[in-house]
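Derivation of every value follows stated rules applied to the coordinates shown; laboratory data play no part. Source: prediction; values computed, not measured. Positions of Cβ are backbone-derived with ideal geometry, glycine not excepted, and every protein chain shown enters the neighbour counts.
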Amino acid sequence: MFRASSLLKNTRLDKEYELADISKKLKIPIKYLEALENEDTLNFPQEPYCSLMIKDYADYLGLNGQETLRLFRRDFETKRKSKSRQEKFFAFTPKFTFILTIFITILLFSFYLVSEYIKFNRPPKLKVNWPSNTITLGSILDLTGVTDPEATIKVNNDLILVDPSGNFEKKINLSNGDNKITIESKSPTGKITVDEKIIKSNQ
């Protein structure tokens, strides 16, 4: 399909006409002639001058001015409609916004389910605040730590309470010599985390 801009440019080149000569003859600035040949719509003159220039330019080249103008209007009406369709496609229409909202909601909900599944099935966290020195002169050890709030804690198989934040504490009576202390944290699903240490008491 012939485009009006190509028709003008090719005809001018075939006749070996210079834009400067045409500009001088028709009193049309060269920048407008170049814009018409290159479809540089940003530099098109305003209407009705644009249509008049196209018609005069085509007539000067020996073309049918009215037919060339019709081709120009067809070309740029097609381009305008294509651009409009693209803008409409990328526009945030109510339907597009609704679909995007649903998609984001599903994505966030899926992420929540996965994170809860992982959290539910992993062993509970367990941090025991062991004394910095594993050798003590005392007979009682004040042991503290933190675990998951839903977990249960056993210290040497003795069940102890866990507060709503997961903190726990236990006073342990030490025997003279080595004392093996085992802390076991158990999740509601049965997953277990264990930490143990030997504390030596020199009473």
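Descriptive notes on the structure:
- Residue check for residue 181: in contact (Cβ under 8 Å) with a residue 60 or more places away in the chain, among the aliphatic types (A, V, I, L, M) and surrounded by 11 or more Cβ atoms within 10 Å (Cβ to Cβ): no
- Within the range 84-203, strands (runs of 3 or more DSSP E) holding 1 or more residues that are hydrophobic (A, V, I, L, M, F, W, C) and in contact with a Leu (Cβ under 8 Å, 6 or more places away or on another chain): 126-128, 140-147, 152-155, 167-173, 177-186, 192-201
- Per-region count, the range 122-168, residues of a type in the set (Phe, Trp, Tyr) and in contact (Cβ under 8 Å) with a residue 60 or more places away in the chain: 1
- Enumeration of residues in the range 1-39 that are over 16 Å from residue 71 (Cα atoms) and of a type in the set (D, E, K, R): 12, 14, 15, 16, 18, 21, 24, 25, 27, 31, 34
- Test: residue in the range 16-23 that is touching a residue at least 12 places away in the same chain (Cβ under 8 Å), surrounded by 13 or more Cβ atoms within 10 Å (Cβ to Cβ), more than 17 Å from residue 4 (Cα to Cα) and among the hydroxyl-bearing types (Ser, Thr, Tyr): yes
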